[in-house]
1. Short version: ³J(HN,Hα) in whole Hz for each residue of segment A:209-218, in order, from phi by Karplus 6.51 cos²θ - 1.76 cosθ + 1.60 (θ = phi - 60°), x for Gly and Pro, what are they?
2. Say the dipole of the protein assembly as shown comes from +1 at the beta carbon of Lys and Arg and -1 at that of Asp and Glu; which of B:Ser280, B:Gly43, B:Leu30 then lies farthest toward its positive end?
3. So if a site counts as exposed when it's one of the trypsin sites (Lys or Arg not before Pro), its DSSP state isn't H, G, I, E or B, and it has at most 11 other Cβ atoms within 10 Å, what's the longest stretch of chain C without one?
4. Taking a virtual spin label 7 Å from the Cα of A:His218 along the C-beta vector, which residues in segment A:179-197 bring their backbone nitrogen under 11 Å of it?
5. How far, in degrees from 0 to 90, does helix A:335-354 lean away from the longest principal axis of the Cα atoms of chain A, to the nearest 10?
6. Which FRET efficiency value, to the nearest 0.05, is calculated for A:Lys189 and B:Thr153 with the Förster distance at 30 angstrom and r the Cβ-Cβ distance?
7. Please compute the net charge surrounding B:Phe75, taking Lys and Arg as +1 and Asp and Glu as -1 over other residues with Cβ under 11 Å from its Cβ.
8. Decide, for segment A:281-408, between rounded, prolate and oblate: order the square roots of the alpha carbon gyration tensor eigenvalues as a ≥ b ≥ c, take rounded if a/c falls under 1.5, and otherwise choose prolate if a/b is larger than b/c, else oblate.
Amino acid sequence: MSDNEINTAAVSATRRRVLQGMAALPAAAAMLPARGNAAGPATATVNTTGLAVTDDTVTVGILHSISGTMAISETGSVEAEKLAISQINEAGGVLGRQIKVIQEDGASDWPTFAEKAKKLLVSDKCAAVFGCWTSASRKAVLPVFEQYNGMLYYPTFYEGLEQSKNVIYTGQEATQQILAGLDWVNRTKGSKTFYLLGSDYIWPRTSNKIARKHIENHLTGCKVVGEDYFPLGHTQFNSVINKMKLVKPDVIYAIIVGGSNVAFYKQLKAAGVDLNKQTLLTISVTEDEILGIGGENIAGAFACMKYFQSLDNPNNKVFVPAFKKMWGEKSVIGDVTQAAYLGPYLWKLTVEKAGSFDIDKIAAASPGIEFKGAPEGYVRIHENHHLWSKTRVGKARTDGQYDVIYETGDLVEPNPFPKGYQ
Amino acid sequence: MLMGYSLGDIGSIMAMQGFAGLSLFSVFLLMALGLAIIFGQMGVINMAHGEFMILGAYVTYMTSQVFTTYLPSLFAIYFFVAVVLAFCVAGALGMLVEWALIRHLYRRPLDTLLATWGLSLILQQVYRSVFGAREVGVDQPEWMMGAASMTDTIQIPINGLIVMALTAVISVFVFLLIYWMGWGKRVRAVMSNRAMAGAVGIDTEFVDRVTFGIGCGIAGVAGSAFTMIGSTSPTAGQLYIVDTFLVVVFGGAQSLLGTIASAFTISQARSTMEFFLSGSMAQVIVLLTVVGILMLRPQGLFVLKVRR
Amino acid sequence: MTFLNRKDIAAIAILAVLLLAVLPLCLDPFRLNLVGKYLTYGFVALGLVLCWGDAGILSLGQGIFFGLGGYCMAMYLKLEASSPEATKIQSTPGIPDFMDWNQITSLPLFWRPFHSLAFTIVAVPLVPVLLALIIGLAMFKRRVGGTYFAIITQAVAAILTILIIGQQGYTGGVNGITDLRTLNGWDIRPDHAKIVLYFINGGLLIVCVLLAQFVRRSKLGRILVAMRDKEDRVRFSGYDVANFKIFVFCLAAGLAAIGGAMFTLQVGFMSPSFVGIVPSIEMVIFCAVGGRTSIFGAIYGALTVNWARTTFSEGLPQLWLFAMGSLFILVVVVFPDGLAGIYRRYLDPLVDRMLPPVRRRIPVAAVAETPQVSPTFAE
C-alpha cells in the first residue's frame, strides 16, 4: 500500500529527494500532539459514519493515473493536491487533525479507477478523494462514489451534463470556458466565421456543440464554416489545414488534446499559418501542453481558461513559488493543476463550516463555500457543486507562458445543463 | 464543398493538397521501410518498431539539447548530426535486441510478436523514467520551420520537404542494399534456408544481426524526422504501429516496391478523404478498404512468385 | 464423461474448489469482485487455447469479441437503467443519457431489441460469432493465415475502436456505457449481488472448460492440432481446413463474448478501452503466460497476470511495465509453454508417481497433452 509514499512516474532525482522529505512530514507531524489550535473537537462528534478519522489524523485519497497514457496530464494534479495538503498540514490540519494521504494509481484504465475508488472508500474509509482527470474515469467512479457515499473533488474542465451530490467540480464546466471566450473574440476581433476542430470524444464534441449553438444563436451574423474531428492520437493534420486555408475562417476554434496537439501546432506553423495573423482560440492547451508543443510553435494563439501561471495577483505570487519549491524550478502550472490545488482547500473549508467530516454534512455545507486564497483569485461553490469562477483569455508567448489579456468582470455562473445549448 | 471559391484558390489548394498527400506518403514510407526490412525480409514481427522510432526522436531531442548548451553556433545544422546519431543508436540497440532476444525466435515468427511487445513495454517505461511522462519539445532551427511560399497562395511546409528528401535517400539506400549489393541476396538466402545458407559460407548470425540493426536504425531516422511534425512522448510510438504494419502488409510483405506502392495508395486515399470527410470517418473508411482488399488479395498488392 | 481422463477430472475439481469455495471464503467481497473480473479474461484465454494453442490461429482481435459481448449486455442494462421515470430530466425521456446529450431523439433501431433479456442472452454470443464468421469466411477460405491474419484482426480491432469512439451518440463514445444498475429488476451493484455474479461467472467458466475439453478430446480437436502442425497434409487427407478454422475461431469468439458480458455485469460498465489493440494483445499474453496449449494453464495465467497487475500498481506502479514486459519476454523465450509447461516438466511426473498406475485409455489424447513445439505455420 502506498500510504504517504509518493509514487510518481515522472519524478526526477531532485524531486524524489524533496518527496522523501515531504513524505516524512505528515508522519512526523502525526506523532506530535496536534499542534496549533489545540486538539480539535472530539472524534465521535465530527465523524459519525465511520470514516478514517482519529483524534489527530484524517485520511484522504488521491486517485490519478501515474502510469499509462494519461500520466502525462495527471502528474500536475497530483503535485498540486499534495502541495495543498502539505500546506494545510503545516498550518495545523483540518479540525486539528493532520491529513494522511493514501495514493492510488488509476493506471489510465477506467475499471482500475472504479476499483481503486471502491478501495479508497470501502477499505480505507477516506474522508475525501481528490482525483480523476478524464471524463471517462469520472464516469467510471461516479456510481462508486454515489453507492458508497464518498466525496470526490474533480479538477478538470469538462463537458458538463453532470451534477452529483458526491462530486465537487473544481474545474470549469463547458459553458464557463466557452461562452465568454467566444464573446470576447467576436467583440474585440470582429470575428464572424468559425472553424471548429476537435479530438473525437465527448468533451470536444460537447464543447463544440455548445460553441456552435452560441455562435449561431447568440452572436449576430456569425456562423460556423467547418467542423472536424480526429481520433485521439491522430498526427496528420495537413489536409484539414489546407481545408481551413481554403475556407479562411476568422477564428480556428481548436479542442485537440494529447499528442495530437503537438502535431497540429507544428504542422500549422509549417504550413505557413501565422498565428499572429490568423486568430486561433483553444480551450485545450494549458502551459503543460506547451512544454511538448514548443512555445515557438504556438506563440500568438489565444487560450480560454480560468487560470494562467502568469496571473498577477497576491495569491498566485505565493502559490507559484511554493509549487516550484516543492516540485522543481522547471515545473509549469496549467489550469487543471491550479483547479486540483483548490480541492483540498475547499474540502478543508467545508469541513470547518460543517464542523464535521460526515459526507452528507459536507455535501450540504458545500454550496456557498468561499476560498479567498485561490491562486485564480476568488472562487465560490455553487448550489450545483461547481465553482463560480472568472473566465480569462491568454495569448501564448514564445517562452511557453500566456499573457493574460482579458478577464470577465464578474464570476461566471456554472451551468452544467445549459438551456438552449443542448 | 468547392462551390463559391475562385479558380485560383482551388488551384492552389489542390497544389497544397497534392503536396500534403506526398508528404504523408513520405511519412508512411519512412515508417514502413524499416519494418519492410525486418518484417518483410526477415519475417520478424517487431511490435517495438514504434519504440525504436521514439528512440530516434529522443536522440534528436538530446542532440538538440547538447547543441543549444555547448555548440549554439552550429545549432542550424544539428538535425543532420541527430539523424546520423539516431540511426546509430537505434541500430545499435536493434543489434543488441537481436542478439539477446530475436535470434532465439526465428523459427517462431508469431512469438516474436509477443516478445517484442514485451520489449516495447519495457522501452516505454525506460523512456518514461529517463525523460518523464510528458511530451518533450524538440527545438528546431529557424530555417526548418515555417513554409516556403511558391506563389502568394501556395505555401509548402519546409519540414515536409525535409522528410521527403530524407525518405528518398533512405529508400535509395534500402533499394541498393536489398537489390543491388550482395547483401539482399544473403538475407534472402538465410531466410529461405538457414542451414543451407550457412553451409555455403554465409555468416548467418552476422547477416541477421546487421539486417535487424539496419531496420531499427531506419526506424530511428524516421523518429528523428517525426520530431518536426509530431509529438515525442514515451507512448507516441504505439500510434504508428498499426499504420506501419498495414502499409507493409498491404504492399505484400516481401516486396519493397509493394511497400512503396501501398504507402502511396494509402496516403493519397487518406489525405483526399480527410479533405472531404471528417478525420475519424476518413480513417475508418481507409482502414476498412485496406482490410477489405487484403481479404480479397491476401498476399498484398505485389506478390513475389514463389513456389510453396 | 468419456472425454475426461482422471487427471482432467482432478484438475477440474481443483479449479472448481478453488473458484467456488477457497477464494470466496478467503477474500472480502471487494477482492472477490476483482477475481471475478480477472476470471472473465479466463473465458478469452480459454478461447485462445483452442484457437491459437491447438489450431495455431493467432487472433490479435479477441478484444473485439470480448467488447461486443460486453456491449450487448451493457445495452440491455443501460436500457433498463434509462426508464422514462429515471430519465425524466432529459429532453427525450426513456433513452440512454448519452444519446440525449448527442441530440438523438429516439432510440436507434439496433438498440430496440435489447429491451428484451432473452434477446440479449442470445445476442451476447451470437453477434460476435457472426462477426467472427464473416472474418473467418473471408480470410480462411482464401487461405490467409499466420501473421497476416494476426495483423488483419488487429486492424479490425482498431477500426471498431475508432467507430465506437466516433459514433458516441449511439455507443457512448470513449466514456463507454456507464451507470448500469439492474438486471431484469435485480440490482447488480451491492456486494451480495456481486457475490452471486461471481458464482455465476465461476460456474459458467467451469462449464466452458468442460466444453473446451470436450472439443479438444474429440476427433475435431485432433484435426485442429494436426492442422496446426502440418496444414497441407490435413488438406490432402480430404479435410476442408478452412471450415475447421472458421469453427474454432467462432468458438473462441463466442467464449470471449461470454467473458465480456460477465465483465460488464461485474464491473458495471463497458468502454472502448477493452476493445482495442492493447487489450487484445494483453489477452493473448494471459494465455501465453498460462500456457497456450493448456486450458487450465490459460485460466491460471489470466488470474496470475491480472493479480500481479493489481498488486504491482498498488505498490510499485513504475515497475509494472518493466515487470509485465519482462514477463512476456521470459515466457516467450524461456517458457514457451507458460505455467502449464513448467507444471508438465516438473510437477506432472511427481503427480504421476503419486497416482496409482492405471492403463491409459486414450493414448492419442495424451499425445495432444504433451508439450508441443510451439505452433508453427504452414508457409
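Values in this text are rule-based calculations from the coordinates and carry no lab data. If you're wondering where the values come from, they're calculated on a predicted model, not measured in any experiment. Cβ placement follows ideal geometry from the backbone for every residue including glycine, while neighbour counts extend to all protein chains displayed.
1. Along segment A:209-218, the couplings run 5, 5, 4, 4, 4, 5, 4, 6, 9, 10 Hz.
2. Checked the options; the winner is B:Gly43.
3. C:89-358
4. Correct set: A:179-184.
5. Tilt of helix A:335-354: around 40 degrees.
6. Efficiency at R0 = 30 Å is approximately 0.85.
7. Here the count lands on -2.
8. Prolate.
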